Amino acid sequence: LFQSGLIPEAIQPEDGHRLAAEWNMSIVNLVQRTTPSTSDLSRQEMRDAVPELCRKISANPPRVICFVGKGIYEIFVGSSKITLGLQDSMHR
């Protein structure tokens, strides 16, 4: 987050609570179960999780949403025809 310019200083994982307290940010997983890798999640499992993430976004609309991984974003928007980088709007 720091290297991307989203927060002004590097923080350690145990300081994640500072994201909400100091910068009004949060980190949310698409699928709530722990896995060693995204490849351990089926595309269907990820698609099934999209409505809940949309509910969370609608309940507290953020200024910016960052997706870690192109594949996760493709599943979220329902299209593989995406470009990387800043988007003009959320395409969901």
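The values are calculated or read from the model by the stated rules, or taken from the named source; none is laboratory data. It should be emphasised that the depicted structure is a prediction, and the values quoted were computed from it without experimental measurement. So basically every Cβ, Gly included, is an ideal-geometry build from the backbone, and we count neighbours across all protein chains shown. Heads up: the accessible areas ignore ligands, DNA and RNA and are worked out on the full protein's heavy atoms, side chains in. Shrake-Rupley method; radii C 1.70, N 1.55, O 1.52, S 1.80 Å.
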May I ask you to list the trypsin sites (Lys or Arg not before Pro) in region 11-75 that are in a DSSP loop and have at most 16 other Cβ atoms within 10 Å of their Cβ?
Arg33, Arg63
Rolling a 1.4 angstrom probe over the protein heavy atoms, how many square angstrom per residue are accessible across the chain?
78 Å²
Just want to confirm a number: the relative contact order over the chain, from Cα pairs under 8 angstrom separated by 6+ residues, in percent.
17 percent
Tell me the GluC sites (Glu not before Pro) within region 1-83 that lie in a loop according to DSSP and have at most 12 other beta-carbon atoms within 10 Å.
Glu9
In deg cm²/dmol, rounded to 500, what helix-only [θ] at 222 nm does the chain give when every DSSP H run of at least 4 residues adds -39500 (n - 2.57) and the total is split over its residues?
-10500 deg cm²/dmol
For q = 0.19, 0.26 Å⁻¹, Debye-computed log10 I/I(0) when each Cα of region 7-92 counts as one equal scatterer
-1.04, -1.43
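When the chain is fully extended, how far beyond the present Cα-Cα distance does Val28 get from Gln87, taking 0.36 nm per residue of separation? If you can, show how the numbers build up before the last one.
Details: separation 59, 0.36 × 59 = 21.24 nm, distance 1.91 nm.
Between Val28 and Gln87, full extension yields an extra 19.3 nm.
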Pairwise label distance in nanometres, Thr35 with Asn60, each label 7 Å out on the Cα-Cβ vector
2.5 nm
How far, in degrees from 0 to 90, does helix 43-59 lean away from the longest principal axis of the Cα atoms of the chain, to the nearest 10?
50 degrees
